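Undergrad: Here you go, one structure.
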Amino acid sequence: MNEQSDPIETGLTWSIGGAAEQVGVAAATLRTWDRRYGVGPAERTDGGHRRYTSLDIDRVRTMSELIAGGASPESAARAVQDDGPSVG
């Protein structure tokens, strides 16, 4: 039961709306971060819909916190891409 499984295969993913709600930012903001800075979900559905894993949500939450603390979106994106979701 403690085996780690692929969150995509087990269905432990959230829509962009669900991810936005958890992080506290607008879905449009998450779309922008994905397009502009490459900070987005690991996977998409066959139809192209974004599906966020818990690691993806941690990453965008950290980006949001860095921006709230005064970082530019570009530098926050670099930080979460370089260091993963444990930044901050």
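Read the figures in this text as sums done on the coordinates, not as results from a lab. Here the structure is a predicted model, which is why all the values come from computation and not from measurement. Don't worry about glycine lacking a Cβ; one is built from the backbone with ideal geometry, like all the others, and counts go over all protein chains shown.
Undergrad: Using each residue's phi in region 55-67, evaluate 6.51 cos²θ - 1.76 cosθ + 1.60 at θ = phi - 60° and report the 3J(HN,Hα) Karplus result to the nearest Hz, with x for Gly and Pro.
TA: Coupling constants for region 55-67: 5, 4, 5, 4, 5, 6, 5, 5, 4, 4, 5, 5, 5 Hz.
Undergrad: Under a Cβ-Cβ cut-off of 15 Å, what is the net charge of the residues other than residue 22 that fall near it, where Lys and Arg count +1 and Asp and Glu count -1?
TA: Residues close to residue 22 contribute a combined charge of 0.
Undergrad: Residues in region 46-65, backbone N under 19 Å from the label point at residue 75 (7 Å along the Cα-to-beta-carbon vector): list them, ranges by number please.
TA: 60-65
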